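The values are calculated or read from the model by the stated rules, or taken from the named source; none is laboratory data. These numbers come from a predicted model, not from an experiment. Ideal geometry is used to build each Cβ from the backbone, glycine not excepted, and the neighbour counts take in all protein chains shown.
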Amino acid sequence: MRLPAKVEYACIATVELARSYGTGEPLRIRKIGEDNGIPSKFLVQLLIQLKNAGLVASTRGAAGGYRLAKNPANITVGDIRAAVDGHDELVPNASGDSPAVRVVLEAWRDLTERYRAILDETSVADLAERAGQHSESIYYI
């Protein structure tokens with residue numbers, strides 16, 4: 001199972017927005033992109049999808065940018081995935097009605113349910129907190 005790049009990048013951007021949540025200052029696309037190695041043109045498309053889903057808001061103008069539209073504790077990775085990708089099921093190649101095929105298809109359904117549960121249990125606030133812990137443990141000499 002591979003995580004699509006657009007879901008990964010949307011999660012990264014949302015975590016960056018969560019880290020500045022509450023400051024009232026929107027983040028610029030260029031900053032998010034440069035800090036995280038995300039192409040700006042791709043990032044714009046993802047942020048528009050997140051905005052259409054009600055997860056982020058934008059501000060126009062010289063001091064404009066993006067910010068979260070909700071508390072990061074109320075946004076899950078599942079919300080982000082649904083906003084930018086929409087696909088979260090393992091698609092099996094097997095077909096037929098043999099016992100082996102049925103058992104394998106049941107296993108794929110179970111895996112998909114667990115995958116969804118993890119995405120829906122993981123909030124952007126959780127990820128932002130973990131990102132903060134990682135940045136605190138970096139030492140510069």
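Worth a mention:
- Close pairs (7 angstrom Cβ cut-off, 6 or more residues apart or separate chains): under 17 Å from residue 84 (Cα atoms) in segment 20-46, of a type in the set (D, E, K, R) anywhere: 40/30; 46/6
- Cross-chain or 6+ apart pairs with Cβ under 9 Å, segment 110-121 first and closer than 13 Å to residue 82 by Cα, then hydroxyl-bearing (Ser, Thr, Tyr) and outside any helix (DSSP H, G or I): 119/76; 120/76
- Which numbered condition residue 76 fails, given (1) of a type in the set (Ser, Thr, Tyr); (2) free of Cβ contacts under 8 Å to residues at least 40 places away in the same chain; (3) under 18 Å from residue 124 (Cα atoms): (2)
- Selection from segment 111-122 of residues that are hydroxyl-bearing (Ser, Thr, Tyr) and modelled with pLDDT under 90: 112, 115
- If the condition is being aromatic (Phe, Trp, Tyr) and under 15 Å from residue 69 (Cα atoms), then segment 8-26 contributes only 21.
- Subset of segment 33-79 [in contact with a strand residue (DSSP E or B) (Cβ under 8 Å, 6 or more places away or on another chain) and among the basic types (Lys, Arg)]: 51, 67
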